[in-house]
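Here is the structure we will look at, set down as structure tokens.
The values are calculated or read from the model by the stated rules, or taken from the named source; none is laboratory data. These numbers come from a predicted model, not from an experiment. Heads up, the Cβs are rebuilt from the backbone with ideal geometry, glycines too, and the neighbour counts pull from every protein chain shown.
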Amino acid sequence: MASNSEREEVLEAAIEDITRVAQMIAAIPAEHRATALGAAERSYLQTVQDLGYGETATQKWAFAVMSRLRVEEGKGRWAMRIRLKLLYRELIRAGSSAAENDSMG
């Protein structure tokens with residue numbers, strides 16, 4: 001069984017990685033996100049169980065982590081849509097500028 005400090009380190013690392021995991025899940029196609037979220041949840045559950053926590057503590061911790069992961073994943077999808085819209089507008093402007101230059105030349 002892991003010591004308390006080892007447990008804390010593992011749990012802190014998992015929490016610190018939530019944003020990164022959420023960004024990775026947000027970047028995959030929508031039809032695969034539920035599978036990815038399920039895999040993340042099983043991984044979090046297994047990690048806490050492996051640390052020797054009881055079923056109730058494991059479920060509560062995984063629920064809290066997954067709640068935050070889902071929020072972060074939603075933010076990641078929103079941010080990605082905004083970046084794509086900005087890129088699209090930039091491409092449209094570039095295309096317009098190129099068309100104007102072609103018509104002048």
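Residues in the range 56-69 that are touching a residue at least 24 places away in the same chain (Cβ under 8 Å) and surrounded by 15 or more Cβ atoms within 10 Å (Cβ to Cβ): 61, 65, 66, 69.
If you check 53, 44, which single one turns out to be in contact with a Phe, Trp or Tyr (Cβ under 8 Å, 6 or more places away or on another chain), surrounded by 12 or more Cβ atoms within 10 Å (Cβ to Cβ) and not in a helix (DSSP H, G or I)?
On the way: 44 fails: not in a helix (DSSP H, G or I).
Step by step, each of 53, 44 is checked, and only 53 is in contact with a Phe, Trp or Tyr (Cβ under 8 Å, 6 or more places away or on another chain), surrounded by 12 or more Cβ atoms within 10 Å (Cβ to Cβ) and not in a helix (DSSP H, G or I).
The residue list 35, 58 contains one member that is touching a Leu at 6+ places or on another chain (Cβ under 8 Å), closer than 30 Å to residue 9 by Cα and not aliphatic (A, V, I, L, M), which is 58. Residues that are within 28 Å of residue 3 (Cβ to Cβ) and either over 10 Å from the mean Cα position of the chain (by Cα) or in a loop (DSSP other than H, G, I, E, B) (or both) do occur in the range 17-33, at least one of them. Here the condition is being crowded, with 16+ Cβ neighbours inside 10 Å and either modelled with pLDDT under 95 or at negative phi (or both); of 28, 18, it holds for 18 alone.
Quickly run through the range 1-30 and pick out the residues that are closer than 19 Å to residue 79 by Cα and not small (Gly, Ala, Ser). Before the answer, list the steps.
Our first condition is that a residue be closer than 19 Å to residue 79 by Cα; within the range 1-30, this holds for 17-30.
Residues satisfying the conditions are 17, 18, 19, 20, 21, 23, 24, 25, 28, 29.
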